[in-house]
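The values are calculated or read from the model by the stated rules, or taken from the named source; none is laboratory data. This is a predicted model, so every value here is computed, not measured. Glycine also receives a Cβ, built like all others from the backbone with ideal geometry; neighbour counts cover every protein chain displayed.
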2 protein chains.
Amino acid sequence: MSCEPVREDWKRVLKLTSPEDAAKKLLEILEIKPKIEEINVIDCLGRVLAEDIIAQQDIPPYDCACFEGYAIRSEDTINASKSSPAKLKVIGKVFPDTKEIPKVERGQAVFLVTGAPMPSGADALIKVEETKLEDGHILVFRKVEKLENVAVKGEDVKVGSPILRAGHVIRPTDIGMLMGLGYSKIKVYAKPKVAIISVGKELYLKSLEQKEPPPNNYAYVIKGLVEEVGGVADVLGILPDDVEIVKKAISDALERYDVILTMGSCSIGVNDAVPDAINGLGKPGVIVHGLTLSPGKPAGFGVVMGKPVIMLPGHIVSAVAAFYALCLPLLAAMTRRSVGNVLPSIYAKLEESEESWSGYRFLRANVRDVDGEFIAKPMHGGANVMMTLIKANYFTILPPRTEVKKGEKIKLRALSLLDTLLQ
Amino acid sequence: MSCEPVREDWKRVLKLTSPEDAAKKLLEILEIKPKIEEINVIDCLGRVLAEDIIAQQDIPPYDCACFEGYAIRSEDTINASKSSPAKLKVIGKVFPDTKEIPKVERGQAVFLVTGAPMPSGADALIKVEETKLEDGHILVFRKVEKLENVAVKGEDVKVGSPILRAGHVIRPTDIGMLMGLGYSKIKVYAKPKVAIISVGKELYLKSLEQKEPPPNNYAYVIKGLVEEVGGVADVLGILPDDVEIVKKAISDALERYDVILTMGSCSIGVNDAVPDAINGLGKPGVIVHGLTLSPGKPAGFGVVMGKPVIMLPGHIVSAVAAFYALCLPLLAAMTRRSVGNVLPSIYAKLEESEESWSGYRFLRANVRDVDGEFIAKPMHGGANVMMTLIKANYFTILPPRTEVKKGEKIKLRALSLLDTLLQ
């Protein structure tokens, strides 16, 4: 549909780049060096590990009792049975604060509480409930295997074994392991700090009248997405389409944030101010303006003071599509992760045939679990139909001239971690 | 293996209940009335909606321009072509602050910026880049369809239509929709407040020597799991196995928390203090003690002052298994959700055959994506082998006497939302 630039009242023309190439260019030009910070292990849930974790100690640190019971020598029970139990003399009890641990000789047993170190001589533990106590002796009614109910030194973790790798997102169980290995603090990648600036005279005028809720609701969608993929974001307010005002806001934000996202005012219209503002802040300025992505075409990015300024379009579906095309790989790279390590994917059967045309297509779908199979229903609607994003929980960016037939399985990525819940 | 209670030095015997029955009993006896609080919409990411959202207004509120362009009457372009364009007189421009919007008559056009209301008379919009400007007229080179590039009043959302339901977990896009519908504040279920108390003389003595990291690392695993399923948890420290001390701690915690989780000291050993502490705090006391779950057998719960006190075993795998069996359904119910709406599940092909015995089995697995198929490798290890939880990312609780063959697909639930990343 597009034709040659014949109109003097157009400010510019989009030079379209594929979303893949745009993301690649963005990462290449930035030479990202993720920031690393040291935080308390107990505060590291969901953070991204910035160091490889190699065990510096064994877990458990010594052979110990898995249950409350008696440490014995397994050889004493070889012929034990219900009718002919082994009878072992209880020569001591080991509690956590017991200083001297008796040695177990043949025919002897020592009472241990759970976790107590195995006495020397003993090589197995029989649970208290499997024994009978008689005159200071226990009766054991079966053969006990060597090392039965004993947690052997290093059985869980051996010194020197790799536990977790840099780039790993720390889960609840990882915290327990890290603490168990003696870590109080740990190196993680700093969360990328993102500023979101809404631009548009209509929005600006509305904001003068309407304070609550602020009318830049789309900015809060993007803030939520940034936070879902491991960043922190501040919504910095609403500006009119005025190049000088936008320049000043971007310039101020560059001092405090790692990434600037603008929303709106980035197309080719007479009032669109963001590309000129970026170019006005110094070289290299705007690098990509225009994506072969539908919706999302007017998106792009520039680089100012070595930092990325991403231009997201004003329509919500376009903005979200451009977020996944540009910001997702950027934020992933800023914590040395792949996109797949930021948002999970599943395979689902399409309920209707879908195709892309000459460009890439941001395909949203509602995935549900139907009798053990994931079925994806594509959501149709224009760049401004927010409801398609409410109904959808997964997406893909279809390459150009792709046809996916009804019933075919395709890989879809969750719109956010919360979308994996298939609500 | 268990035999009749013949030992005077045992404190009690476990009366085993199935994990399903235990969870059912827990929910029945509590008569949970979730607390509701009102919070700012911009702070509601990941929170659980406590009200149905019905649209109170149309989005968009009036017919408006999807792009920058000219509002026209489509009938004027019926015969337009490249060689014979329609020529329309531009009679005005509408910017966001334009007060008087001209009416479009036949043969006329009005310039609109994106989002501007459609002038009366016009029924379509042609994008600026598809026109040519000549002597105050535009040339249109093709037939424009009725309503082309027009966002029709209510096209996204119609007054009265249901948008989100109570129990829905709020995602980034939902925030944008709620704000777009005019909400500043919204009702959500309060996050259940959970206290975690570690009990065990060995741990207590260790805590006197080792401050950093605190030796109750397992408690921090449970804290992370609570937070991953929508609660908030405080780790309240480490107590010796002393019934009076444990009673006091539970009693204090009951004043400030909705749920008390104890870890350790809940089996049948001579020192196990938690069941007596719960019973000592008043009726009904301990309701279930012992699950037909492996690992996790010594788990159970009591009710004190109408609040649940869940006994998690001291071994980490047992504690986690009991968490999923008892705490997961409890915390889900406290925000009126099903378990599936708290932790997502997938279907994966088992790499090895697995079976359960006379009881339920907590089966952990590492799921990975192999050429578009989820393959689950079961993780084997005892109740104290934390590394199985590090390697695993999904789990299921196999019912008694179940055999799942190699290659069979089974439903597995993520250990946490972060585990869906298949790291």
Filtering segment A:88-111 down to residues that are in contact with an Asp or Glu (Cβ under 7 Å, 6 or more places away or on another chain) and among the hydrophobic types (A, V, I, L, M, F, W, C) yields A:Leu88
Could you list, in sequence order, the residues of segment A:223-245 that are more than 9 Å from chain B (Cβ to nearest Cβ) and more than 22 Å from A:Asn279 (Cα to Cα)?
A:Val229, A:Gly230, A:Gly231, A:Val232, A:Ala233, A:Asp234
Six or more apart or on different chains, Cβ atoms under 7 Å: show the pairs whose first residue is in segment B:144-169 and at positive phi and whose second is assigned to a loop (DSSP other than H, G, I, E, B).
B:Leu147/B:Asp123; B:Asn149/B:Cys66; B:Asn149/B:Phe67; B:Gly154/B:Asp58; B:Gly160/B:Ala55; B:Gly167/B:Arg336; B:Gly167/B:Arg337
The correct count of residues that are without any contact (Cβ under 8 Å) to a residue 12 or more places away in the chain and either more than 7 Å from every other protein chain (Cβ to nearest Cβ) or closer than 26 Å to A:Ile268 by Cβ (or both) in segment A:207-222 is 5
Pick from segment A:136-161, criterion touching a Ser or Thr at 6+ places or on another chain (Cβ under 9 Å) and basic (Lys, Arg), ranking: surrounded by the fewest Cβ atoms within 10 Å (Cβ to Cβ)
A:Lys146
When (1) more than 11 Å from every other protein chain (Cβ to nearest Cβ); (2) over 26 Å from B:Leu421 (Cα atoms); (3) in contact (Cβ under 8 Å) with a residue 60 or more places away in the chain are applied to A:Val385, the one that fails is (1)
Selection status of B:Ile316, within 25 Å of the chain's Cα centre (by Cα), within 14 Å of chain A (Cβ to nearest Cβ), within 26 Å of A:Pro60 (Cβ to Cβ) and among the β-branched types (Val, Ile, Thr):
yes
Over segment A:112-135, the set of residues of a type in the set (Lys, Arg) and surrounded by 19 or more Cβ atoms within 10 Å (Cβ to Cβ) is A:Lys127
For segment A:305-327, give me the residue count where each residue is farther than 23 Å from A:Ala249 by Cα and either surrounded by fewer than 23 Cβ atoms within 10 Å (Cβ to Cβ) or not assigned by TED's automatic domain parsing to the domain that holds A:Leu261 (or both).
0
Considering only residues that are of a type outside the set (D, E, K, R), over 16 Å from B:Ile42 (Cα atoms) and surrounded by fewer than 17 Cβ atoms within 10 Å (Cβ to Cβ), which ones fall in segment A:228-250?
A:Ile245
Counting only residues in segment B:388-420 that are of a type outside the set (Val, Ile, Thr) and more than 14 Å from chain A (Cβ to nearest Cβ), the one nearest to B:Val320 (Cα to Cα) is identified as B:Leu398
Please verify whether B:Asp276 is of a type outside the set (A, V, I, L, M, F, W, C) and not assigned by TED's automatic domain parsing to the domain that holds B:Ala233, treating the condition exactly as stated.
no
Note on segment A:251-282: residues of a type in the set (Ser, Thr, Tyr) and buried (at least 19 other Cβ atoms within 10 Å of the Cβ) are A:Tyr257, A:Thr262, A:Ser265, A:Ser267
Filter segment B:395-421 down to residues that are in a loop (DSSP other than H, G, I, E, B) and either among the hydroxyl-bearing types (Ser, Thr, Tyr) or out of contact with any helix residue (DSSP H, G or I) (no Cβ under 8 Å at 6 or more places or on another chain) (or both), then give me how many there are.
9
Can you name every one of the strands (runs of 3 or more DSSP E) wholly within segment B:12-106 that holds 2 or more residues which are of a type in the set (Asp, Glu) and either surrounded by fewer than 19 Cβ atoms within 10 Å (Cβ to Cβ) or in contact (Cβ under 8 Å) with a residue 24 or more places away in the chain (or both)?
B:36-40
So, B:Val199, is that one buried (at least 21 other Cβ atoms within 10 Å of the Cβ), within 9 Å of another protein chain (Cβ to nearest Cβ), of a type in the set (A, V, I, L, M, F, W, C) and closer than 30 Å to B:Glu255 by Cα or not?
no
Check whether at least one residue in segment A:260-280 is modelled with pLDDT under 95 and over 23 Å from B:Pro96 (Cβ atoms), and report yes or no.
no
When only residues in segment A:319-360 that are touching a Pro at 6+ places or on another chain (Cβ under 8 Å) and more than 25 Å from A:Gly302 (Cβ to Cβ) count, which is nearest to the other protein chains (Cβ to nearest Cβ)?
A:Leu350
Any chance segment A:154-173 includes a residue that's more than 15 Å from A:Ala50 (Cα to Cα) and in contact with a Pro (Cβ under 6 Å, 6 or more places away or on another chain)?
no
When segment B:69-117 is checked residue by residue, the ones that are within 47 Å of the chain's Cα centre (by Cα), under 19 Å from B:Val152 (Cα atoms) and of a type outside the set (A, V, I, L, M, F, W, C) are B:Gly69, B:Tyr70, B:Pro96, B:Thr114, B:Gly115, B:Pro117
Determine whether A:Tyr360 is closer than 24 Å to B:Leu422 by Cβ, in contact (Cβ under 8 Å) with a residue 24 or more places away in the chain and crowded, with 19+ Cβ neighbours inside 10 Å.
no
Could you tell me whether B:Ile375 is within 13 Å of another protein chain (Cβ to nearest Cβ) and without any contact (Cβ under 8 Å) to a residue 24 or more places away in the chain?
no
Identify, from the list B:Gly160, B:Gly176, B:Gly167, the residue that is at pLDDT 95 or above and more than 10 Å from chain A (Cβ to nearest Cβ).
B:Gly160
